[in-house]
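Have a look at the structure below before the remarks.
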Amino acid sequence: MSMTVNGAAVSLPDDPRVSLLDLLREYLHLPGTKKGCNQGACGACTVLVDGERILSCLALAVQFEGRSVTTIEGLGAPGSLHPLQQAFIEHDGFQCGYCTPGQICSAIGMAQEIRRGVPSHVTADLCTETISLSHDELRERMSGNLCRCGAHNGIVDAITEVFAEEDILAEAAE
Amino acid sequence: MTPFTYSRAADTAEAVRRGTIPQARYLGGGTNLVDLMREEIERPDTLVDVTGLSHEIEELPGGGLRIGAGVRNTAVAEHRSVRSRYPALSRAIVSGASAQIRNMATVGGNLLQRTRCAYFYDEAGQCNKRSPGKGCDALEGFNRNHAILGASPACVAVHPSDMCVALVALDASVHLRGSAGVRHIPLTELHRLPGDQPHVETVLDPGELITAIELPPQPFAARSTYRKVRDRSSYAFALVSVAAALQIEDGHIRDVRIALGGVAHRPWRASRAEEVLRGGPVGAIAFAAAADAELADARPLSDNGFKIELARRTIIAVLGNLAGETA
Ligand SMILES: Cc1cc2nc3c(=O)[nH]c(=O)nc-3n(C[C@H](O)[C@H](O)[C@H](O)COP(=O)(O)OP(=O)(O)OC[C@H]3O[C@@H](n4cnc5c(N)ncnc54)[C@H](O)[C@@H]3O)c2cc1C
Ligand code: SF4
Ligand code: FES
Ligand code: FES
């Protein structure tokens, strides 16, 4: 029984009680993914599974057999930062940094959802083909990631800059 | 967490065979069950992962939809037919939890998620749902989020799901499979009121598996919506919510569906309000009369009297919006 974490095959724990979060942090020594509340309420433990954002604290590692997990360590490294990591630095998108890995993984998952046309609570027209990354859409879609330091303005600016550059709308239209 | 064995079911027959032993539980996304196991409120010794089963959304002949129990909440909300034909359902789902949780949560798990009553989670508290017969600390405690309809002295908790409220308004039904065979029941009959057995939350037999939900064809559901009122504008459970669909013809209400969330131990179909409205005039006076009829039996607890007026206003506002749209 195995899964992939940041491209490498890893075996699943023998004890099914191990959460995906504890597998990452305690067994694989990838401490980038953070444990905030351990009950689904903060988003610090957000990772990508086959490109979709999920909470690693609310799931058992064994549920992810055969799946591909990406953590913040898999997105960038010192010297080769992911564009979002760079933008978070430039826009003061953090203070303590505890929520940051979750914010960044979440933002990547969010971009995928927007490209796919997934509606949100603030999407006025449910049947729209394209969703624009307005300020309201971004705040609603990122509301599952809390920031105790209140770095939200920087977080919003950083995400907006990166996905405006990537031209998320053009991709959605393709 | 108490130890347990984990396995994935290859098909529904196998799932039911393994799920029918006494301390077994089905596992969907795990977003509620794993949390409750960590708190040792749930202590299964066997987990049967059913996320690999029934994960399709099928168009039914005649215009309905059949949604497999393993379909993720996001996949339901984004489905084209749901968005255009049952918008209240998309709206209800995207108003709940967070995007990450909706990506994990399944339809079956959402239906059977358990209450968020703080005393149910608190091992130091007395809770009839957790330990039958021990009493209910919410009755005289913090009950701001609790029920105003259908509660009992044994339990005043509410069902937390948004999705279920829309489904109940849309006349959804549930497909079940147990060791005695398959059955198909209206969703309004799945969840129980607490009575003197609040720990028995549904009419499911032990080990009975939810395989799918079914939405009947309902042309006027294309004009349906969901409004959720909560303490913050995102990522919070409902204080009160309203799902409704309205059909107006020649200035009269031809047909209507209304359901309420955050007010009772089950998603609350507002049949009395519907009766008052059906065949009658459109307008604020009629909407207020309907809300009053539905809430005539509402009983406040020490901290949640505001919910009665909030529910009343939300019903009137939602019907007003729908009437404006259809006018
Ligand atoms: C922080 C937080 C905020 C939330 N906010 C909201 C909110 O605002 N609105 C809202 O509606 N919900 C909210 N939720 C709850 C969330 O919607 C549920 O946890 C989720 O829908 C449960 O689905 P699941 O697949 O993860 O269920 P699981 O946790 O896997 O299972 C839940 C229950 O269902 C049973 N089960 C699962 N599948 C089946 C099946 N096929 N047949 C029979 N039994 C089955 C399990 O045995 C278990 O008892 C929130 C959750 C969290 C953690
Ligand atoms: S309201 Fe229900 S769930 Fe809450 S403490 Fe009372 S019995 Fe338990
Ligand atoms: S640690 Fe997972 S949501 Fe807080
Ligand atoms: S930067 Fe400190 S919690 Fe967000």
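Odds and ends about this structure:
- Qualifying residues in the stretch B:122-177 (those that are under 30 Å from residue B:68 (Cβ atoms) and in contact with an Asp or Glu (Cβ under 6 Å, 6 or more places away or on another chain)) - the one most open to solvent (accessible area, probe 1.4 Å): B:173
- So residue B:233, is it among the hydroxyl-bearing types (Ser, Thr, Tyr) and open to solvent by less than 20 Å² (accessible area, probe 1.4 Å): no
- For the stretch A:38-49, the criterion of being farther than 25 Å from residue A:143 by Cβ and surrounded by fewer than 21 Cβ atoms within 10 Å (Cβ to Cβ) is met by no residue.
- Boolean, residue B:109 is within 14 Å of another protein chain (Cβ to nearest Cβ), away from ligand 4 (no atom under 16 Å from the Cβ) and open to solvent by less than 60 Å² (accessible area, probe 1.4 Å): yes
- Residue in the stretch B:78-86 that is outside the structural domain of residue B:8 (by TED's automatic domain parsing), modelled with pLDDT of 95 or more and β-branched (Val, Ile, Thr) present: yes
- Residue in the stretch B:126-138 that is within 9 Å of ligand 2 (Cβ to nearest atom), in a loop (DSSP other than H, G, I, E, B) and within 14 Å of another protein chain (Cβ to nearest Cβ) present: no
- Scanning the stretch B:28-58 for residues that are of a type in the set (Asp, Glu), in contact with a helix residue (DSSP H, G or I) (Cβ under 7 Å, 6 or more places away or on another chain) and farther than 21 Å from residue B:14 by Cα yields B:35, B:39, B:42.
- Taking the conditions (1) of a type in the set (A, V, I, L, M, F, W, C); (2) part of a loop (DSSP other than H, G, I, E, B); (3) away from every other protein chain (no Cβ under 14 Å); (4) touching a helix residue (DSSP H, G or I) at 6+ places or on another chain (Cβ under 6 Å) in turn, residue A:162 satisfies each one other than (2).
- Pick from the stretch B:35-65, criterion surrounded by fewer than 24 Cβ atoms within 10 Å (Cβ to Cβ) and among the β-branched types (Val, Ile, Thr), ranking: nearest to residue B:109 (Cα to Cα): B:51
- The single condition from (1) within 11 Å of chain B (Cβ to nearest Cβ); (2) more than 15 Å from the chain's Cα centre (by Cα); (3) among the β-branched types (Val, Ile, Thr) that residue A:10 fails is (1).
- Scope the stretch A:22-37; condition part of a helix (DSSP H, G or I) and either touching a Gly at 6+ places or on another chain (Cβ under 9 Å) or open to solvent by less than 20 Å² (accessible area, probe 1.4 Å) (or both); matching residues: A:23, A:24, A:25
- Elements of type strands (runs of 3 or more DSSP E) in the stretch B:1-105, at least 2 residues being within 26 Å of residue A:110 (Cα to Cα) and in contact (Cβ under 8 Å) with a residue 12 or more places away in the chain: B:65-68
- Tally, over the stretch A:73-120, of residues that are part of a helix (DSSP H, G or I) and away from chain B (no Cβ under 14 Å): 12
- Meets criteria (away from ligand 3 (no atom under 14 Å from the Cβ) and either free of Cβ contacts under 8 Å to residues at least 40 places away in the same chain or basic (Lys, Arg) (or both)) for residue A:21: no
- Verdict on residue A:125 being more than 11 Å from chain B (Cβ to nearest Cβ) and assigned to a loop (DSSP other than H, G, I, E, B): no
- The set of residues from the stretch A:20-48 being within 14 Å of another protein chain (Cβ to nearest Cβ), away from ligand 4 (no atom under 16 Å from the Cβ) and either basic (Lys, Arg) or in contact with a helix residue (DSSP H, G or I) (Cβ under 6 Å, 6 or more places away or on another chain) (or both) comprises A:20, A:21, A:23, A:39, A:40, A:47, A:48.
- Within the stretch A:49-72, being more than 8 Å from every other protein chain (Cβ to nearest Cβ) and free of Cβ contacts under 8 Å to residues at least 60 places away in the same chain holds for A:49, A:50, A:56, A:57, A:61, A:72.
- Scanning the stretch B:189-202 for residues that are open to solvent by 60 Å² or more (accessible area, probe 1.4 Å) and within 16 Å of the chain's Cα centre (by Cα) turns up B:189, B:192.
- If you go through the stretch B:75-98 and pick out every residue that is open to solvent by less than 10 Å² (accessible area, probe 1.4 Å) and at the interface with another protein chain (Cβ under 7 Å from one of its Cβ atoms), you end up with 6.
- Condition met for residue A:59 (touching a strand residue (DSSP E or B) at 6+ places or on another chain (Cβ under 9 Å) and either modelled with pLDDT under 95 or within 16 Å of ligand 2 (Cβ to nearest atom) (or both)): yes
The values are calculated or read from the model by the stated rules, or taken from the named source; none is laboratory data. All values reported here derive from a predicted model rather than from experimental measurement. Reconstructed Cβ throughout: ideal geometry from the backbone, glycine too, with neighbour counts over all protein chains shown. Keep in mind that these areas ignore ligands, DNA and RNA; they rest on the heavy atoms of the full protein, side chains included. Shrake-Rupley method; radii C 1.70, N 1.55, O 1.52, S 1.80 Å.
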